[in-house]
Amino acid sequence: MKHAWIDVRAVPAAQLEAVVDAAVHAKAQAVVSADAELLAKLPPTVTGVLVGEGDAPVRVTAVDDEDALADLVRTDGDRAGWVHVRDDRTLQLACAAAIELPYAIVEFADPTKIPLEIVLAAADKAPGQLITVCADLEEAAIVVDVLERGSEGVLLAPHTADDVFALTRLLSGTSPRLELSTLTVDRIEHHGLGDRVCVDTCTHFREDEGILVGSYSTGFILCCSETHPLPYMPTRPFRVNAGALHSYVLGPGNRTSYLSELGSGSTVLAVDSDGRTRRVVVGRAKLESRPLLTITAHSGDGVVVSLTVQDDWHVRVLGPGAKVRNVTELQNGDELLGYLATDQRHVGIPIGEFCRES
């Protein structure tokens with residue numbers, strides 16, 4: 001998990017207690033304040049970072065030149081240097097601070113993330129933590145992915161307690177592992193023409209990855225990405241030929257979308273044959289009319305799962321052990337990988353209501 005540093009110096013007095021409580025309960029790493037008394041009241045699970053005079057576990061010093069950095073490096077205890085990057089000189093200063101200090105807080109004057117890339121590269125093997133100042137949650141979402149790893153932490157001045165919880169959720173960076181089930185094929189039915197969706201993502205899928213798609217909100221089949229060689233056409237490692245437009249697809253946060261709702265900028269979960277997941281961004285969704293077939297399967301405890309896909313040999317699903325299966329060659333008794341969800345859905349959100357799908 002990336003570290004959340006919560007800067008409360010500009011929080012209105014009426015909101016301050018709630019924001020600090022949120023930082024504690026959301027397990028933020030640090031609270032940044034100019035009030036040493038406030039920091040002294042924090043539990044040991046949250047680091048107090050002091051800007052100004054007084055005692056605190058970590059004190060912040062502005063680093064404007066090489067001499068200030070050298071003085072800070074010689075200081076005993078945990079030290080945090082704050083560098084405002086506005087030109088090449090201060091960029092090099094930020095690189096040095098990230099290498100030499102336990103904590104380097106870096107604030108960038110310009111919106112480009114190229115200077116952050118340079119600091120990250122310079123401090124790649126450094127033992128300290130690089131904390132990037134972000135103006136809002138949108139910028140924080142970008143910062144955590146710079147050079148595929150981002151800085152160790154994000155410093156944000158929240159407006160409300162909700163911002164604190166939203167930041168810590170964002171920085172958790174974890175997509176839960178799913179417990180996949182083995183499904184047994186019961187029947188294959190051919191239907192003729194219908195509309196199906198190819199999901200083209202901004203991600204290169206691995207050979208054992210795909211997305212979870214199903215006709216029922218309680219059961220999904222792992223649809224294979226086009227990373228495997230095909231006759232007559234090149235591989236398209238960003239694509240999943242996912243299914244008919246009515247189908248559910250599983251996304252982050254245990255939310256589902258209809259395939260018909262996906263478009264540029266949507267998100268879905270890439271899932272591998274061991275249940276590991278990661279969030280991927282959709283570049284486009286391509287809807288075309290094609291012959292369709294329906295796969296009906298059941299889990300070991302009798303849950304029925306259905307998936308309607310394009311009726312063509314090059315459309316594939318995954319079986320146990322990441323075995324690639326062409327949908328037109330499936331037979332009764334074949335085993336597939338799937339995911340069973342216990343909740344019904346309302347606008348993609350899990351809900352404990354009665355609903356029967358067939």
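Points worth noting:
- For Thr160, the stated conditions do not hold, so it cannot be described as closer than 13 Å to His3 by Cα and polar (S, T, N, Q).
Yes/no per residue for (1) charged (D, E, K, R); (2) within 23 Å of the chain's Cα centre (by Cα):
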{"residue": "Arg169", "(1), (2)": "yes, yes"}
{"residue": "Arg177", "(1), (2)": "yes, yes"}
{"residue": "Thr184", "(1), (2)": "no, no"}
{"residue": "Gly192", "(1), (2)": "no, no"}
{"residue": "Val197", "(1), (2)": "no, no"}
{"residue": "Thr201", "(1), (2)": "no, yes"}
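- Per-region count, the range 1-12, residues buried (at least 20 other Cβ atoms within 10 Å of the Cβ) and in a loop (DSSP other than H, G, I, E, B): 3
- Looking across the range 13-35, the residues that are among the aliphatic types (A, V, I, L, M), open to solvent by less than 30 Å² (accessible area, probe 1.4 Å) and outside any loop (DSSP other than H, G, I, E, B) come down to Val19, Val20, Ala22, Ala23, Ala30, Val31, Val32.
- Single unsatisfied condition, Val49 versus (1) surrounded by fewer than 22 Cβ atoms within 10 Å (Cβ to Cβ); (2) without any contact (Cβ under 8 Å) to a residue 60 or more places away in the chain: (1)
- Where strands (runs of 3 or more DSSP E) fall wholly inside the range 246-312, the ranges with 3 or more residues that are at pLDDT 95 or above and over 18 Å from the mean Cα position of the chain (by Cα) are 277-298, 304-310.
- Among the residues listed as Val199, Val154, the single one being among the β-branched types (Val, Ile, Thr), touching a residue at least 60 places away in the same chain (Cβ under 8 Å), touching a Cys at 6+ places or on another chain (Cβ under 7 Å) and open to solvent by less than 60 Å² (accessible area, probe 1.4 Å): Val154
- If the condition is being in contact with a strand residue (DSSP E or B) (Cβ under 7 Å, 6 or more places away or on another chain) and more than 19 Å from Leu330 (Cα to Cα), then the range 167-195 contributes Leu167, Thr168, Leu171, Ser175, Pro176, Arg177, Leu178, Leu180, Leu193, Gly194, Asp195.
The values are calculated or read from the model by the stated rules, or taken from the named source; none is laboratory data. Keep in mind that this is a model prediction, so the values were computed, not measured. Cβ sites come from the backbone with ideal geometry, for glycine too, and all protein chains shown count toward neighbours. Remember, those area values only see protein heavy atoms, side chains included, never the ligands or the DNA or RNA. Shrake-Rupley method; radii C 1.70, N 1.55, O 1.52, S 1.80 Å.
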